[in-house]
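Written out below as structure tokens is the structure these notes cover.
We did not get these values from a lab; they are worked out from the coordinates using the rules stated. Here the structure is a predicted model, which is why all the values come from computation and not from measurement. All Cβ positions, even for glycine, are placed from backbone atoms using ideal geometry, and neighbour counts span all protein chains on display.
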Amino acid sequence: MKKLVVMISGNGSNLQAIIDAIAEGYLKAEIVLVVSNRKEAYGLVRAEKAGIPTLYFPLKPYKDAGKDRHAYDTDLAEKIAPYNPDLIVLAGWMHIFSPAFLDHFPRKVINLHPALPNFFIGTNAIQRAYEAYRQGLIDETGCMVHYVIPEVDRGEVIGTVVVPMYPEDRLEDVEERMHDAEHKLLVMCIINTLYGRENH
Ligand code: GAR
């Protein structure tokens with residue numbers, strides 16, 4: 001069975017999509033660990049309900065001790081390594097990883113981003129796309145899954161899907177449409193990454 005580690009910082013609706021796809025039998029994999037950098041992340045509750053081991057691993061104690069991100073990334077990689085993941089899925093994980101983490105898992109870390117490649121890098125991507133649409137700067141937005149490299153929201157693209165916007169949309173409408181698209185795209189990209197022809 002292929003092993004997944006899923007990393008979250010918030011609601012975890014994308015984690016839930018993975019849990020459901022496994023339960024429904026069309027994603028043949030097992031989530032061996034869910035990691036959160038935020039204690040109050042609802043995704044931790046979702047993981048516990050599904051009987052998945054969790055790890056809460058905050059950055060703050062490192063900052064308070066005057067340690068740098070390199071130390072945090074190294075220790076986190078060492079905590080995850082014994083689980084031997086085939087894939088590490090960043091599903092709303094709001095930290096940027098340095099090579100201190102990524103070098104432990106070459107070509108095994110993928111990220112979901114709520115914008116099309118090279119658009120709205122970083123946080124609040126959906127809101128920024130919505131505002132750009134209202135200003136007539138773009139016609140549509142989308143989401144992507146990509147391999148993670150040290151530059152934020154960059155790296156080889158695995159899959160994308162376009163998310164349309166309409167004149168009557170409120171921000172919440174676009175957010176809901178985005179999340180529906182993400183849930184499908186993420187599961188599809190995990191299947192392709194784990195089982196796709198180019199990986200055999
Ligand atoms: C998702 O929209 C994901 O694309 C975004 O965080 C949200 C997490 O939602 N990630 C980023 O913005 C990364 N740059 P969830 O906690 O409900 O899965």
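Which condition number in (1) in contact (Cβ under 8 Å) with a residue 60 or more places away in the chain; (2) surrounded by fewer than 18 Cβ atoms within 10 Å (Cβ to Cβ); (3) near the ligand (Cβ under 8 Å from one of its atoms) is the one that Trp93 fails?
Of (1) in contact (Cβ under 8 Å) with a residue 60 or more places away in the chain; (2) surrounded by fewer than 18 Cβ atoms within 10 Å (Cβ to Cβ); (3) near the ligand (Cβ under 8 Å from one of its atoms), only one is false for Trp93: (2).
Filter the stretch 1-20 for residues that are out of contact with any Ser or Thr (no Cβ under 9 Å at 6 or more places or on another chain), within 11 Å of the ligand (Cβ to nearest atom) and of a type in the set (A, V, I, L, M); which is nearest to Arg177 (Cα to Cα)? Don't jump to the end; show me each part of the working.
So the first thing to find is which residues in the stretch 1-20 are out of contact with any Ser or Thr (no Cβ under 9 Å at 6 or more places or on another chain), and the list is 1-6, 11, 13-20.
Going one step further and asking which of them are within 11 Å of the ligand (Cβ to nearest atom), we end up with 6, 11, 13-18.
Right, trim to of a type in the set (A, V, I, L, M) and you get 6, 15, 17-18.
On the way: Val6: 22, Leu15: 17, Ala17: 15, Ile18: 18 Å.
The selected residue is Ala17.
Name the residues in the stretch 126-181 that are within 14 Å of the ligand (Cβ to nearest atom) and without any contact (Cβ under 8 Å) to a residue 24 or more places away in the chain, would you?
Arg128, Glu151, Val163, Glu172, Glu176, Arg177, Asp180
Out of the strands (runs of 3 or more DSSP E) lying entirely within the stretch 1-81, which hold 1 or more residues that are hydroxyl-bearing (Ser, Thr, Tyr)? Before you say what the answer is, go through the steps one by one.
On the way: elements: 2-8, 29-36, 54-56.
Where strands (runs of 3 or more DSSP E) fall fully within the stretch 1-81 and carry at least 1 residues being hydroxyl-bearing (Ser, Thr, Tyr), they are 29-36, 54-56.
Whether any residue in the stretch 60-67 is surrounded by 13 or more Cβ atoms within 10 Å (Cβ to Cβ) and either closer than 18 Å to Ile88 by Cβ or of a type in the set (Asp, Glu) (or both) is what I want to check. So that I can check it myself, show each step before the final result.
Taking the stretch 60-67 as the starting set, the residues that turn out to be surrounded by 13 or more Cβ atoms within 10 Å (Cβ to Cβ) are 62, 67.
Next, from what is left, pick out any that are either closer than 18 Å to Ile88 by Cβ or of a type in the set (Asp, Glu) (or both): none.
No.
Could you please find all residues in the stretch 98-122 being within 12 Å of the ligand (Cβ to nearest atom) and under 13 Å from the mean Cα position of the chain (by Cα)?
Ile110, Asn111, Leu112, His113, Pro114, Ala115, Gly122
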